[in-house]
1. Highest first, please rank the peptides 61-67, 145-151 by the mean number of other Cβ atoms sitting within 10 Å of their residues.
2. Given bins 10 angstrom wide, list per bin the percent of all Cα-Cα distances in segment 276-343, short to long.
3. Please give the peptides 87-100, 291-304 ranked by average Cβ packing (other Cβ atoms within 10 Å per residue), highest first, as a rough proxy for protection.
4. Out of every Cα pair in segment 112-249, what percent are spaced more than 20 Å from each other?
5. Using helices alone, I'd like the mean residue ellipticity at 222 nm for the chain: each DSSP H run of four-plus residues gives -39500 (n - 2.57), total over residue count, nearest 500.
6. Taking only the alpha carbons of segment 45-158, what extent do you get along each of the three principal axes, in Å, biggest first?
7. Please report, for the Cα atoms of segment 348-405, the Rg to one decimal and the Dmax as a whole number; what are they, in angstrom?
8. Measure nothing fancy, just the Cα-based angle from helix 312-324's long axis to the longest principal axis of the chain, in degrees from 0 to 90, nearest 10.
Amino acid sequence: MRMASARISKRLTVGLVLLGALTLIAVLGVMALRSPQGRILRYTRSGNSFLAAERYGEAALAFRNILQIAPQSAQAHYKLGLAYLRMGEPALSYRELTKSLELDGKILDAHVKLGEISLLAGQYAQARDQAQFVLGKDPSNADAHLLLARTMAASRDLDGALREVGAALRTAPNSARAYTLLAGIQAAKGDAAQAEKTLRQGIAAAPADPEPRVALANLLVRQGRRDVAEQGLKEAAVAMPRRAEIPLALGDLYVAWGKPVEALAQYRIAQGITPRSPVPSLKVADLLVAQGRTDDAKVVIEDVLAKAPQDVTAHFIRGKVYLAKGDAQVATEEFQTVVRARPGDAAARYFLARAYLVRPDISSAKEQLAEALKLAPRFVEARVALAQLQVQSGDPKAAEQQLRT
């Protein structure tokens, strides 16, 4: 009896010791998670997960939380810059990427991304410098070769661009982006047949990447082969049912085809695939504006801005909503926001001019139309609008010259 009691007492003691140890471990674990380093680790994991899931607004919040704890974290600035770039906010992205390099100049991809932002702004020399800097450090960096190729293509050095894409493919033979860029250069050189062949090679090399499939559809549309493009995208939708790029491309095809009902259905599918991504909602709102459904568009765009208040494209569409509703004051403010963020956006300047005309502010409208034409000389709507203003101002000769340009 005493031996049994002793064994029970011993087991109870061991159990209490184990329970105490487990409690201590749990307490220490909670303390670790609440410590600055634990919080940084938690935010880093969630931020990276959000980036991978294309939930860029939440990713940006996670990396901003890290910077509140560790403002000198180069990686947090870099990742925040990536999130902003994918949210369509190049100015904020540029700031964060630049800060990351001030703290750690070895983040080569930050140089590449800065180059991409410069390229989008038409700053070809700066983009080229970033690409060449990276290649000086890492000659086999495929992304840098592709960035350099894009700067050359933008400067009409198509042969040089071909060489750089070839170098990228030697390093990354399954790069969907490389095949897509190569096809674009080939099409620019007038060889549409070879461009189509290249895109089909890209699809075979990277079957899980939608980029060459979407590019092929766009090429086919330009050739007047809409039915073939539509069929290809439908097949891609079956092969990649969780990639929103495919229904988005189908929606764009239907918009160009004059089929808004079908387009809206595809954009809704994309919303279902990536409910936290603003892109499908932006396309829905833009289509609703085009259909004259401004109240419906307003609901969609206000929801986007509630989640991502700095989304530049959302502000652009909101401006279009209020312009259509006749509220020139709000429309002007929205388009001014876009122009500040994207000074090279010809469309934003054109719509800002339209808002000025409603107010009316003819002088400012002329100024914005002239800037739009500097950025996009073939912008027909802007040229016609400027010519009309010149006629109204009593200068028909200037209008005639404008239309002949």
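1. Top of the packing list down: 145-151, 61-67.
2. 25, 56, 19, 0
3. With the highest mean Cβ count within 10 Å placed first, the list reads 87-100, 291-304.
4. Details: 4547 of 9453 pairs.
It works out to 48 percent of all Cα pairs.
5. On the way: 23 runs with 327 residues, N = 405.
-26000 deg cm²/dmol, from helical runs alone.
6. Sorted from largest, the Cα extents of segment 45-158 read 45, 25, 22 Å.
7. Spelled out, the Cα radius of gyration and Dmax of segment 348-405 are 10.3, 29 Å.
8. The angle comes out at about 50 degrees.
A short reminder: the numbers here are calculations on the coordinates, not readings from a lab. None of the values given here were measured: they were computed from a predicted structure. All Cβ positions, even for glycine, are placed from backbone atoms using ideal geometry, and neighbour counts span all protein chains on display.
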